[in-house]
Amino acid sequence: MRSERISRRAALTGLAGLSSAAFLPAAPARALSASEATQLVDRVVAEINSVINSGGSEAQMIPQFEAMLRRYADVTAIARTCLGPEARSLSSGELSAFTEAFTGYIARKYGKRFREFIGAQITVTGAEPYRDRFIVKTVFNLRGQAPFDVDFLVAERGGNRLFYEMIIEGVSMLATERSEIGAMLDAQRGDVGALTAQLQRTG
């Protein structure tokens, strides 16, 4: 049972992509309201519910999931955070290539598990202020499983409201993915270009 919960938790972390306080992006330029943050997560939840209960194939779900990430997640901030200090040494082109590869990798890696959640329902339960952003709380109800909490951290980014982190039962998505990407980078001996190529064919 524990291994099943861990695998389900791991699948859900891909909805983001998505940190511990040490990894937080720079503060947004304008204050975000609770209603704005909640509206964003309401849209995310509605689309997730629609996709997982549509009866679509895995091949259909993965592109939908990637499109959701690009619409609602700060994929640039997530990718930079998961790559770590190496991101600062990259050219804009190299960072863009890594971000694209990372987004596709996350979509494939976790989108393949979407069918496990058919019949599930996700409900937004409220929002709490966190610095100049908000934590929007949701509950995932899976068939035959106990419900569990998933928190979205939402900020204002360049006039857009985006989520940049998910906390699944106390586990940081960004911290988890940063560890995994770090291990991949180590295996590539610190070569971000090789890591980017690996991510393009992995997941």
R0 of 35 Å, Cβ-Cβ distance residue 132-residue 71: FRET efficiency to nearest 0.05: 0.95
Three-way shape label, segment 82-153, alpha-carbon gyration tensor, a/c 1.5: oblate
Per residue accessible area in Å² of the chain, where ligands, DNA and RNA are left out and the probe is 1.4 Å: 45
Segment 125-146 residues near the modelled residue 35 label - backbone nitrogen below 15 Å, point 7 Å along Cα→Cβ: 127
Residue 58-residue 94 FRET efficiency (beta carbon distance; Förster radius 30 Å; 0.05 resolution): 0.45
Dipole moment magnitude, nearest 20 debye, the chain about Cα centre, only Lys, Arg, Asp, Glu C-beta charged: 260
Antiparallel DSSP beta bridges within the chain, percent to nearest 5: 95
Computed [θ] at 222 nm, helices only, for the chain once each DSSP H run of length n ≥ 4 contributes -39500 (n - 2.57): -16000 deg cm²/dmol
Rounded, prolate or oblate (a/c below 1.5 giving rounded, otherwise prolate when a/b exceeds b/c) for segment 34-131 by Cα gyration tensor: oblate
Estimated distance in nm for a label pair at residue 183 and residue 42, the labels positioned 7 Å out from Cα along Cα-to-Cβ: 4.0
Percent carbon-and-sulfur accessible area, the chain, ignoring ligands, DNA and RNA, probe 1.4 Å: 50
Order by protection proxy (mean Cβ within 10 Å, highest first), peptides 179-185, 35-41, 134-140: 134-140, 35-41, 179-185
Residue-by-residue Karplus 3J(HN,Hα) for segment 188-203, coefficients 6.51, -1.76, 1.60, Hz, glycine and proline x: 9, 6, x, 8, 5, x, 5, 4, 4, 5, 5, 5, 5, 10, 10, x
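The values are calculated or read from the model by the stated rules, or taken from the named source; none is laboratory data. This is a predicted model, so every value here is computed, not measured. Cβ atoms come from the backbone with ideal geometry, glycine included; neighbour counts cover every protein chain shown. Quick note on the areas: whole protein, heavy atoms, side chains included, nothing else; ligands and nucleic acids left out. Shrake-Rupley method; radii C 1.70, N 1.55, O 1.52, S 1.80 Å.
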